[in-house]
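**Student:** My questions all concern the structure below.
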Amino acid sequence: MLPSDDLGAMSLSLRRALAAVALSSLALAACGGDEDHHDSTGSTVAPTADAIVVDIDADAAEPGTQTVPVGSTVSLHITSAEEHEFHLHGYDLENEGTDVTITFVADEAGEFEVETHDTEEVVFTLVVE
């Protein structure tokens with residue numbers, strides 16, 4: 001059994017730790033905006049400092065391509081003059097808007113197209129190897 005002073009100090013430390021976790025959770029939720037963070041199973045993935053950020057101009061004349069290693073966290077940042085629903089095939093992830101980000105763990109190898117649902121236009125190909 002701990003003396004009552006030790007219990008009070010431990011309780012205060014525990015309350016501080018819980019408060020820090022709660023504030024961190026709120027900060028992450030507030031930063032979410034219109035971003036969609038999933039892995040291939042639909043589970044939420046938080047963006048990480050080492051995430052590979054891929055900027056995609058959906059209005060470009062030719063779709064871009066980029067290769068990333070299997071297992072990496074990838075953030076696809078898609079911009080467009082018009083609002084579209086963007087879909088990443090193979091991972092079945094989507095987000096709608098003119099400035100969207102889709103963050104996920106690239107845990108499946110292959111070539112995966114990003115297209116707009118309404119026009120079915122391919123705007124980007126992600127190669128995972």
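The values are calculated or read from the model by the stated rules, or taken from the named source; none is laboratory data. Since we're looking at a predicted model, the values are computed, not measured. For neighbour counting, all protein chains shown are included, and Cβ atoms are generated from backbone atoms with ideal geometry for every residue, glycine included.
**Student:** Can you tell me which residue among L28, L14 is more than 22 Å from L126 (Cβ to Cβ) and either surrounded by 12 or more Cβ atoms within 10 Å (Cβ to Cβ) or at pLDDT 95 or above (or both)?
**Tutor:** Details: L14 fails: either surrounded by 12 or more Cβ atoms within 10 Å (Cβ to Cβ) or at pLDDT 95 or above (or both).
Only one candidate passes the filter, namely L28.
**Student:** For the stretch 67-106, how many residues meet the condition of being part of a strand (DSSP E or B), within 14 Å of the chain's Cα centre (by Cα) and more than 16 Å from D118 (Cβ to Cβ)?
**Tutor:** Here the count works out to 12.
**Student:** Filter the stretch 56-66 for residues that are over 16 Å from I102 (Cα atoms) and among the acidic types (D, E); which is farthest from the chain's Cα centre (by Cα)?
**Tutor:** E62
For (1) polar (S, T, N, Q); (2) surrounded by fewer than 20 Cβ atoms within 10 Å (Cβ to Cβ); (3) without any contact (Cβ under 8 Å) to a residue 60 or more places away in the chain, each residue gets a yes or a no:
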{"position": "T73", "(1), (2), (3)": "yes, no, yes"}
{"position": "A81", "(1), (2), (3)": "no, yes, yes"}
{"position": "T98", "(1), (2), (3)": "yes, yes, yes"}
{"position": "T125", "(1), (2), (3)": "yes, yes, no"}
